[in-house]
Amino acid sequence: RLAIMVGVLVLAAYVPRSWCRYFCPQGAMLALMSRFGFLGLRRDPLKCTRAGCRACVEVCPMRVPILDLPWEKFSGGECILCLKCVEACPEGALKPKFP
């Protein structure tokens, strides 16, 4: 038990939100349900300058690969919809999308 506790504490010290990303059972259930959710994000491919700007990816607390997901509507399994990526985008290419 002590080894598990030390392992979790060391991981928490070096990986942001490690409990939420790897161990939380509620997060696993919500990740499954988020694939079928109504709310998501949309990236405008005309405004997004993917090559030079990675502001949305850098600011994401859950490290969702935003630029690798489809542009129409995406909500990664780990995305908590905090909308920090929307605020960080200098071009305004990311917007919340409700069907």
Order by accessible surface, 1.4 Å probe, largest leading, for residues Ile80, Ile66 comes to Ile80, Ile66
Using a 1.4 Å probe on heavy atoms of the protein chains only, the accessible area for Leu81 in Å², nearest 10, reads 50 Å²
Inter-part gap, Cα centre of segment 56-84 to Cα centre of segment 1-42, in whole angstrom, is 15 Å
Once all protein chains are kept in place, Trp71 shows an accessible area at probe 1.4 Å, nearest 10 Å², of 90 Å²
For 22-30, 36-44, ranked highest to lowest by mean beta-carbon neighbours within 10 Å, the order is 36-44, 22-30
Under a 1.4 Å probe, counting only protein heavy atoms, Met62 has an accessible area in Å², nearest 10, of 10 Å²
With -39,500 (n - 2.57) per DSSP H segment of 4 or more residues and division by the full residue count of the chain, the 222 nm estimate, nearest 500 deg cm²/dmol, is -9000 deg cm²/dmol
Of the accessible area of the chain, computed with a 1.4 Å probe and all protein chains kept, carbon and sulfur make up a percent value of 65 percent
Mean accessible area per residue over the chain (1.4 angstrom probe, all protein chains present, square angstrom) is 71 Å²
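The values are calculated or read from the model by the stated rules, or taken from the named source; none is laboratory data. Note that the structure is predicted; figures quoted are calculated from it, not measured. Every residue, glycine as well, gets a Cβ built from its backbone with ideal geometry; the counts of neighbours run over all protein chains shown. The accessibility values were calculated without ligands, DNA or RNA, using every heavy atom of the protein model including side chains. Shrake-Rupley method; radii C 1.70, N 1.55, O 1.52, S 1.80 Å.
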